[in-house]
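The values are calculated or read from the model by the stated rules, or taken from the named source; none is laboratory data. Bear in mind the structure is a predicted one, so any value in this text is a computation, not a measurement. Using ideal geometry, Cβ is built from the backbone for each residue, glycine included, and neighbour counts are taken over all protein chains shown. To get the accessible areas, we keep the full protein, side chains included, count just its heavy atoms, and leave off ligands, DNA and RNA. Shrake-Rupley method; radii C 1.70, N 1.55, O 1.52, S 1.80 Å.
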Amino acid sequence: MFEDDDFEDYLEEENERKAAIERYEDMLKAHDSVYFDSEEFGFIIDHYTQHNELKRSRQAVELAMAQHPESNALKIKLARQYLLENDAQRAFEIMQRVERDEDDDPDYFLTLGSCLAVLGKSKEAIENYFSALPYFDEDEKFDLYNAIAYEYQRLQKYDLALEFYDKALPYAADDIDTLYHEIRCCYLSAGRKEEAIAFFQKLIDKDPYNSKAWTNIGDVYRMLGKYEESIDPYEYALSIDPEDLWTNMHLADIYYDLGRYKEAIDTLEEALRNGVETSMIHTTIGDCYYRLNDLQAAESHFHKALEINPMIGTGYAGLGYVFSDRGQSRKAIKFFEKAIELEPWETDHLYSIATDYMKLKDYDKAMEYLRRIQETTPGDPDAYYYIADLYGQQDKIDDAINTIKFGLLQTDNDYTLLYLLAYAYFVKGSHNDGLDALDQALSADFEVWPEFIEYDRELLANDTEILQLIERHKKNQEANSTDIPQA
């Protein structure tokens, strides 16, 4: 609460601030030149930066420096302007020219600390933040505690980072989500996963209705791959705050990853009933219905997603999959092409277009898209796999073999390509070359040999030499496992 004298001082300063801003804007409208003292310019510059009007704050700070070139306070404002414009080096250079003034010390240390932090000089940034701390009351230190913690986190000094995040916690208010996220990251980066759960559990013990803490426990379990354990915390969080979009999405993702598509749909439809509706929710529901082979419901939700956001590539891709499964490849291709236009980094869309061109027997167009994938991701074994398969469909076995060999060079002898090379040789009738390739494939990854047999059971499952080679590798595997000392 303000004391009477403090309140009067506050009102006086506010009136001075408003008067300076009004006089400055009148000057701009009149295209005039008017003198302002350095304190008035400080009010004006702060007004524009607080409203994120960087062009206007830039104009104001340049006028300020023209009228008061030696003002340390305005030099600091200029440095902050450069920081807001993402030019930390220029800001740092300006701060080097600032002469220390006791009245400016808080701003001096904060601005210099921010420059150093952006330039990656965390230790020096922390020193300046510590120097600024005494100038603030305890309930005003949130940003400083948070900044210090973040720099310690960058230095991988997680204990110190957690200490300062803990100091910031009582004053987090609207920043609680971000703060919880950073605390969770510190514990996980330090390999202290159980302590992360214990930290959020302690918050829940104090406040059982802390939905964000419940969500973070679910997140930790999810990151540990403990999907089943993450379900209850997410559900508790949603029972407290049913409109929490990200918790809804995380829980739906868990059900999706577990193949429990109906429960994922139920979770997201509950979000819709609670008034939370986004294009992402509809694309996820659409994908779940697609997995359940309910193409009509899937199509409906993909359309709803596009009504909300016509620029969401996954909505067009979803419709592409629906029409592809219905045998309408030409229509599917149009939707996949739109998805690629919006999400050019998603090679899955390119594979889908190529697959539909294969269905149409347009092998040249299919090859065009597969080559695009190969050029974009030369280390991806799937590109060579599908190109070789496309050659195989055209009975161009030698081209398939050459593609696979080139792919092996690019992927450090990927085992899937070794198995495919063996199969291609057997199809060609080059039995010895096939056995050699299969021998390498079995050495690279023995466990997947049943999938190799399923390529062509008639050709492979009854070949005595193939079965003998597999059996020999099996015995070697068993012998090696018995040689491993038991704990």
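Answer with yes or no whether Glu102 is open to solvent by 80 Å² or more (accessible area, probe 1.4 Å) and either at pLDDT below 95 or at positive phi (or both).
In short, yes.
Residues of region 221-248 being modelled with pLDDT under 95, aliphatic (A, V, I, L, M) and in contact with a Leu (Cβ under 8 Å, 6 or more places away or on another chain), which ones?
Met223, Leu238
Output the helices (runs of 4 or more DSSP H) that fall wholly within region 83-188 and possess 1 or more residues being over 30 Å from Arg222 (Cβ atoms), or say none.
Of the helices (runs of 4 or more DSSP H) lying wholly inside region 83-188, those with at least 1 residues that are over 30 Å from Arg222 (Cβ atoms) span 88-96, 105-118, 122-132, 142-154.
Tally the residues that are touching a residue at least 12 places away in the same chain (Cβ under 8 Å) and more than 12 Å from Asn146 (Cβ to Cβ), restricting the search to region 169-179.
So the answer is 1.
Collect the residues in region 341-371 that are in contact with a helix residue (DSSP H, G or I) (Cβ under 7 Å, 6 or more places away or on another chain) and over 18 Å from Ala317 (Cα atoms), keeping them in residue-number order.
Leu360, Tyr363, Lys365, Met367, listed by residue number.
With Lys202, Lys226, Lys262 as the choices, which residue is over 21 Å from His181 (Cβ atoms) and surrounded by fewer than 23 Cβ atoms within 10 Å (Cβ to Cβ)?
The conditions single out Lys262.
If you go through region 38-69 one residue at a time, how many are open to solvent by less than 60 Å² (accessible area, probe 1.4 Å) and among the charged types (D, E, K, R)?
Count: 3.
Scanning for something in contact with a Ser or Thr (Cβ under 8 Å, 6 or more places away or on another chain) and open to solvent by less than 30 Å² (accessible area, probe 1.4 Å), does region 421-429 turn up at least one residue?
no
Which ones in region 277-317 are open to solvent by 40 Å² or more (accessible area, probe 1.4 Å), out of contact with any Phe, Trp or Tyr (no Cβ under 7 Å at 6 or more places or on another chain) and not charged (D, E, K, R)?
Selection gives Met280, Tyr289, Asn293, Gln296, Ser300, His303, Ile308, Asn309, Pro310, Met311, Thr314.
Being open to solvent by 80 Å² or more (accessible area, probe 1.4 Å), of a type in the set (Asp, Glu) and not in a helix (DSSP H, G or I) is the filter here, so list the residues in region 359-416 that pass it.
The answer is Asp395, Asp412.
Yes or no, residue by residue, for (1) touching a helix residue (DSSP H, G or I) at 6+ places or on another chain (Cβ under 8 Å); (2) under 30 Å from Glu70 (Cα atoms):
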{"site": "Asp107", "(1), (2)": "yes, yes"}
{"site": "Leu110", "(1), (2)": "yes, yes"}
{"site": "Ala117", "(1), (2)": "yes, yes"}
{"site": "Ser122", "(1), (2)": "yes, yes"}
{"site": "Pro134", "(1), (2)": "no, yes"}
{"site": "Phe142", "(1), (2)": "yes, no"}
{"site": "Arg154", "(1), (2)": "yes, no"}
{"site": "Leu162", "(1), (2)": "yes, no"}
{"site": "Tyr187", "(1), (2)": "yes, no"}
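Here is a list of conditions, (1) touching a His at 6+ places or on another chain (Cβ under 9 Å); (2) crowded, with 16+ Cβ neighbours inside 10 Å, and Leu272 meets all of them except one; can you say which number that is?
So the condition that Leu272 fails would be (2).
Only residues in region 395-410 that are among the aliphatic types (A, V, I, L, M) count as the first member; pair them with residues that are outside any helix (DSSP H, G or I) and open to solvent by less than 40 Å² (accessible area, probe 1.4 Å), Cβ under 7 angstrom, at least 6 apart or cross-chain, and list the lot.
Leu408/Asp414
Yes or no: Leu74 in contact with a His (Cβ under 9 Å, 6 or more places away or on another chain), under 26 Å from Asn15 (Cβ atoms) and outside any loop (DSSP other than H, G, I, E, B)?
yes
Test of understanding: among Tyr255, Tyr180, which residue is closer than 30 Å to Ala298 by Cα and either touching a helix residue (DSSP H, G or I) at 6+ places or on another chain (Cβ under 6 Å) or open to solvent by 30 Å² or more (accessible area, probe 1.4 Å) (or both)?
Result: Tyr255 is the single residue among Tyr255, Tyr180 that is closer than 30 Å to Ala298 by Cα and either touching a helix residue (DSSP H, G or I) at 6+ places or on another chain (Cβ under 6 Å) or open to solvent by 30 Å² or more (accessible area, probe 1.4 Å) (or both).
I'd like the full set of residues that are of a type in the set (D, E, K, R) and in a helix (DSSP H, G or I), limited to region 193-217.
The answer is Lys193, Glu194, Glu195, Lys202, Asp205, Lys206, Lys212.
Of all residues being open to solvent by 60 Å² or more (accessible area, probe 1.4 Å) and hydrophobic (A, V, I, L, M, F, W, C) in region 445-475, which is nearest to Thr411 (Cα to Cα)? Just the residue, please.
Here the residue is Trp449.
Among the listed residues Tyr171, Tyr209, identify the single one that is open to solvent by 30 Å² or more (accessible area, probe 1.4 Å), of a type outside the set (A, V, I, L, M, F, W, C) and closer than 25 Å to Val118 by Cα.
Just a single option satisfies the conditions, and that option is Tyr171.
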